[in-house]
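The structure appears right after this line, and notes come after that.
The values are calculated or read from the model by the stated rules, or taken from the named source; none is laboratory data. Everything quoted here is computed from the prediction, not taken from an experiment. We place every Cβ from the backbone using ideal geometry, glycine too, and count neighbours over all the protein chains shown.
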């Protein structure tokens with residue numbers, strides 16, 4: 001028994017029986033079970049996992065039950081003293097009652113290497129064979145084999161030719177490679193834990209791995225919550241368990257395996273979103289390319305994966321990662337060092353203090369070969385475009401050498417083309433904007449971290465902000481990812497509920513909060529630990545560092561280079577130069593600004609790439625580097641810089657910059673589509689634009705309407721609300737184009753789009769209506785229900801997606817629907 005209700009046995013014992021009965025000596029009698037998992041392939045595996053309807057043992061025995069630990073052989077060393085206890089038929093007494101037999105012998109991993117089954121050689125003679133010529137060990141099948149107290153396998157058979165002197169065993173390693181088996185164990189309450197069958201070398205490795213797990217949890221098991229940080233550094237992190245919010249992912253492929261909102265068999269080949277929570281989307285996946293916009297939570301998701309894998313606290317959906325150890329490789333740091341690391345350098349890159357231990361030698365290579373290393377490669381978008389080919393070659397070399405290794409790689413959507421790693425078997429997933437329910441949950445968690453339990457004022461701020469993000473459309477459109485939500489929460493608290501309008505104003509206010517206001521509001525004495533600097537002085541210096549990083553395609557800068565940048569800037573800032581050396585000022589910016597941090601003792605970076613882009617864009621505008629901006633506009637690393645530069649620029653300069661962007665697009669056919677869309681997207685950040693320039697931008701964008709497919713739709717949606725007036729109705733459009741139009745309108749998620757979407761509600765394409773049903777959470781519940789949901793036909797099996805109680809109530813008022821999905825799970829019929 002693995003738990004009081006979970007039984008491990010041989011699959012051939014269960015055979016085709018769907019509801020076997022199990023009895024435990026001294027237990028509660030026969031109990032009906034279901035077969036949760038079984039595999040009998042005649043060679044490698046013969047195991048079944050049974051889940052009982054109730055506990056198989058008494059209440060006292062269940063309370064005292066201690067979970068088993070699995071033992072895994074990592075070499076061919078034989079293990080004397082192994083034992084299996086079963087109920088062979090030969091043990092029946094005169095009345096035909098069974099009893100136990102303890103078989104003691106040597107467990108031999110080196111036998112049957114080709115078939116994959118180990119053996120247990122008995123130390124004693126075999127029992128007398130039965131008269132019918134069967135095996136004297138009949139009845140031992142399904143017995144657990146223990147080596148030094150560890151569960152090493154399950155007895156399967158008495159092989160011919162060995163005079164009944166040995167039993168074959170399905171080893172635990174075989175079961176640990178089965179995702180479904182591990183998942184069912186977790187679902188049934190058994191968290192599989194394993195140790196090696198220990199040679200002195202393995203003892204050393206296990207001690208090292210315990211230290212590595214502890215190190216990973218300590219290093220990445222906390223989140224920095226922007227805007228929560230106190231000026232003295234206290235409270236800058238929060239346990240990942242409390243702060244992490246599982247967001248929704250969808251297939252980034254245009255041909256997902258399953259479509260959300262479509263009945264079985266109808267999803268294949270349709271461009272329909274299939275949103276699922278992160279743990280569900282990653283279930284069973286060994287190679288994932290994860291796309292997400294700036295601030296969407298890509299790095300946080302990797303931190304969560306690293307933490308739960310290191311702790312061994314995986315949810316059932318991620319059971320296939322049981323026994324793995326995470327290795328986090330931040331490309332932003334690694335690419336700066338030149339050649340990307342080889343496997344034996346991974347520990348130095350991810351857990352440097354442990355890399356010199358003797359047990360670390362050969363560790364990464366062994367884990368990669370076994371398929372028990374989880375490589376978390378963060379930030380392809382932070383690799384300069386010229387180096388991405390080199391990065392791709394590096395990844396494919398790793399795949400060729402270690403085909404069983406697990407990978408999760410992150411990037412911004414525009415950094416690499418769709419299908420960048422498709423030929424290597426990678427599944428592409430994309431982080432979706434936060435739903436309103438996610439935003440509400442995030443706001444509550446942020447205020448919990450800030451101490452709302454003991455502060456009525458904080459609870460009032462939480463409640464007012466939760467109402468505002470729903471009631472105020474502009475604010476709701478900003479609160480679409482964890483970064484923006486954190487900034488909004490921080491500013492709401494700091495400004496006592498008076499929030500800025502627009503993305504640029506939000507960033508500007510966040511800088512003021514992080515640079516000046518938080519010190520003043522907490523009565524922190526500025527200057528006691530460095531030179532006192534005003535807001536504008538700090539911004540000017542930070543802009544120099546940010547712009548250097550952008551121009552050089554970097555996300556990190558060496559400390560001495562940052563000092564030199566400030567030294568060159570100080571002669572033009574005599575009042576600042578009088579207050580200390582460049583190194584003193586830089587140290588003060590790191591300590592007090594809340595914007596810079598030190599990943600290592602010798603490097604600096606910004607707490608988020610968005611702040612780097614915002615400050616660098618201002619520097620580019622101040623220096624009239626419009627040629628530099630426009631010449632790099634095709635590079636995805638410069639997209640946000642261009643948008644923010646347009647927001648920073650005064651009206652005449654803004655018109656000049658947009659005009660240059662359009663002219664380059666007109667000249668260069670290969671970049672025309674991208675540059676004209678970028679110009680349209682820049683309008684979102686522009687408060688005032690010359691009418692002639694605005695008309696030219698909108699005309700260029702109109703030429704890209706309607707979008708031809710979902711990828712084009714996502715790009716067009718980046719232009720924001722301006723595109724809504726350009727989108728056509730469904731008349732005369734193909735199904736694919738109609739679907740793309742609906743994707744644009746639902747991605748922009750402005751209530752102004754509802755009349756247009758209502759025109760598509762009767763569309764014959766199931767994919768179009770599935771998109772409309774899924775996007776309900778992005779709009780006002782009642783308005784969207786009346787205008788769109790009520791008009792959707794569902795006779796062809798359309799599923800309606802509900803994510804809140806308000807959705808459920810609205811559907812009930814509409815008379816219910818046959819197929820309802822609740823936050824990614826089928827909720828059944830609601831009539």
Yes/no for residue 124 being closer than 30 Å to residue 318 by Cβ, assigned to a loop (DSSP other than H, G, I, E, B) and in contact (Cβ under 8 Å) with a residue 12 or more places away in the chain: no
Identify, by number, the condition in (1) in contact (Cβ under 8 Å) with a residue 12 or more places away in the chain; (2) touching a helix residue (DSSP H, G or I) at 6+ places or on another chain (Cβ under 9 Å) that residue 759 doesn't meet. (2)
For residue 293, work out the one condition from (1) under 24 Å from residue 640 (Cβ atoms); (2) modelled with pLDDT under 65 it doesn't fulfil. (2)
For region 579-588, state whether one or more residues are in a loop (DSSP other than H, G, I, E, B), within 26 Å of residue 609 (Cβ to Cβ) and modelled with pLDDT of 85 or more. no
Given the criteria over 19 Å from residue 444 (Cα atoms) and either assigned by TED's automatic domain parsing to the domain that holds residue 365 or modelled with pLDDT under 90 (or both), does residue 215 qualify? yes
When region 417-446 is examined, which residues are found to be without any contact (Cβ under 8 Å) to a residue 12 or more places away in the chain, farther than 22 Å from residue 635 by Cα and assigned to a loop (DSSP other than H, G, I, E, B)? none
Just the residues that are out of contact with any helix residue (DSSP H, G or I) (no Cβ under 8 Å at 6 or more places or on another chain) and modelled with pLDDT under 90, please, taken from region 525-573. 525, 527, 528, 532, 536
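Kindly provide the set of residues from region 796-810 that are touching a strand residue (DSSP E or B) at 6+ places or on another chain (Cβ under 9 Å), assigned to a loop (DSSP other than H, G, I, E, B) and within 14 Å of residue 778 (Cα to Cα), ordered by number.
If the condition is that a residue be touching a strand residue (DSSP E or B) at 6+ places or on another chain (Cβ under 9 Å), assigned to a loop (DSSP other than H, G, I, E, B) and within 14 Å of residue 778 (Cα to Cα), then 803 is the only one that fits.
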For region 654-686, which residues satisfy the criterion of being free of Cβ contacts under 8 Å to residues at least 60 places away in the same chain and within 17 Å of residue 504 (Cα to Cα)? 654, 678, 679, 680, 681, 682, 683, 686
Output the residues belonging to region 158-196 that are under 15 Å from residue 120 (Cα atoms) and assigned to a loop (DSSP other than H, G, I, E, B). 158, 159, 160, 161, 162, 163, 164, 165
Hits in region 447-459 - residues which are surrounded by fewer than 17 Cβ atoms within 10 Å (Cβ to Cβ) and part of a helix (DSSP H, G or I): 448, 453, 454, 456, 457, 459
Look through region 460-499, keep the residues that are within 28 Å of the chain's Cα centre (by Cα) and in a loop (DSSP other than H, G, I, E, B), and return whichever of them is surrounded by the fewest Cβ atoms within 10 Å (Cβ to Cβ). 480
Taking region 489-514 and keeping residues touching a residue at least 12 places away in the same chain (Cβ under 8 Å) and more than 17 Å from residue 443 (Cα to Cα) leaves 501, 502, 503, 504, 507, 509, 511, 512, 513, 514
Scan region 272-290 residue by residue and report those that are at pLDDT 90 or above and in a loop (DSSP other than H, G, I, E, B). 282, 283, 284, 285, 286
Please work out which one of (1) in contact (Cβ under 8 Å) with a residue 60 or more places away in the chain; (2) closer than 13 Å to residue 644 by Cα; (3) within 34 Å of the chain's Cα centre (by Cα) is the condition residue 629 fails and give its number. (1)
Just checking, does region 365-380 include any residue being assigned by TED's automatic domain parsing to the domain that holds residue 403, farther than 30 Å from residue 428 by Cβ and in a loop (DSSP other than H, G, I, E, B)? no
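Conditions (1) at pLDDT 90 or above; (2) closer than 20 Å to residue 198 by Cα, marked per residue:
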{"position": "86", "(1), (2)": "yes, no"}
{"position": "96", "(1), (2)": "no, no"}
{"position": "103", "(1), (2)": "yes, no"}
{"position": "107", "(1), (2)": "yes, yes"}
{"position": "133", "(1), (2)": "no, no"}
{"position": "137", "(1), (2)": "yes, no"}
{"position": "144", "(1), (2)": "yes, yes"}
{"position": "147", "(1), (2)": "yes, yes"}
{"position": "154", "(1), (2)": "yes, yes"}
Residue identified as surrounded by 12 or more Cβ atoms within 10 Å (Cβ to Cβ), outside any strand (DSSP E or B) and in contact (Cβ under 8 Å) with a residue 24 or more places away in the chain among 13, 51: 13
Which is part of a helix (DSSP H, G or I), touching a residue at least 12 places away in the same chain (Cβ under 8 Å) and assigned by TED's automatic domain parsing to the domain that holds residue 154, of 82, 61, 19? 61
When every residue in region 589-609 that is surrounded by fewer than 21 Cβ atoms within 10 Å (Cβ to Cβ) and in a helix (DSSP H, G or I) is compared, the one modelled with the lowest pLDDT is 591
Selection from region 118-142 of residues under 18 Å from residue 15 (Cβ atoms) and within 46 Å of the chain's Cα centre (by Cα) yields 140, 141, 142
Residues of region 574-587 being in contact with a helix residue (DSSP H, G or I) (Cβ under 9 Å, 6 or more places away or on another chain) and on the phi < 0 side of the Ramachandran plot, which ones? 575, 576, 577, 579, 581, 582, 583, 585, 586
Give 139, 149, 161, 134 a once-over and let me know the one that is in contact with a helix residue (DSSP H, G or I) (Cβ under 9 Å, 6 or more places away or on another chain), at positive phi and not assigned by TED's automatic domain parsing to the domain that holds residue 313. 139
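When you look at residue 709, is it more than 19 Å from residue 248 (Cβ to Cβ), surrounded by fewer than 22 Cβ atoms within 10 Å (Cβ to Cβ), outside the structural domain of residue 414 (by TED's automatic domain parsing) and within 29 Å of the chain's Cα centre (by Cα), yes or no?
Values: more than 19 Å from residue 248 (Cβ to Cβ): yes; surrounded by fewer than 22 Cβ atoms within 10 Å (Cβ to Cβ): yes; outside the structural domain of residue 414 (by TED's automatic domain parsing): yes; within 29 Å of the chain's Cα centre (by Cα): yes.
Considered against the rule, which asks whether it is more than 19 Å from residue 248 (Cβ to Cβ), surrounded by fewer than 22 Cβ atoms within 10 Å (Cβ to Cβ), outside the structural domain of residue 414 (by TED's automatic domain parsing) and within 29 Å of the chain's Cα centre (by Cα), residue 709 comes out as yes.
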Residues within region 687-712 that are touching a residue at least 40 places away in the same chain (Cβ under 8 Å) and part of a helix (DSSP H, G or I), tallied: 2
Does region 719-739 hold any residues that are without any contact (Cβ under 8 Å) to a residue 60 or more places away in the chain, buried (at least 16 other Cβ atoms within 10 Å of the Cβ) and under 14 Å from residue 707 (Cα atoms), and which are they? 719, 723, 724, 726, 727, 730, 733, 735, 737, 738
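Residue-by-condition table, conditions (1) surrounded by 21 or more Cβ atoms within 10 Å (Cβ to Cβ); (2) under 25 Å from residue 422 (Cβ atoms):
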residue: 296; (1), (2): yes, yes
residue: 302; (1), (2): yes, yes
residue: 313; (1), (2): no, no
residue: 322; (1), (2): yes, no
residue: 326; (1), (2): yes, yes
residue: 329; (1), (2): no, yes
residue: 335; (1), (2): yes, yes
residue: 349; (1), (2): no, no
residue: 353; (1), (2): no, no
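Which of the residues spanning region 43-68 are closer than 23 Å to residue 145 by Cβ and touching a helix residue (DSSP H, G or I) at 6+ places or on another chain (Cβ under 9 Å)?
44, 45, 46, 47, 48, 49, 50, 51, 56 - these are the residues of region 43-68 that are closer than 23 Å to residue 145 by Cβ and touching a helix residue (DSSP H, G or I) at 6+ places or on another chain (Cβ under 9 Å).
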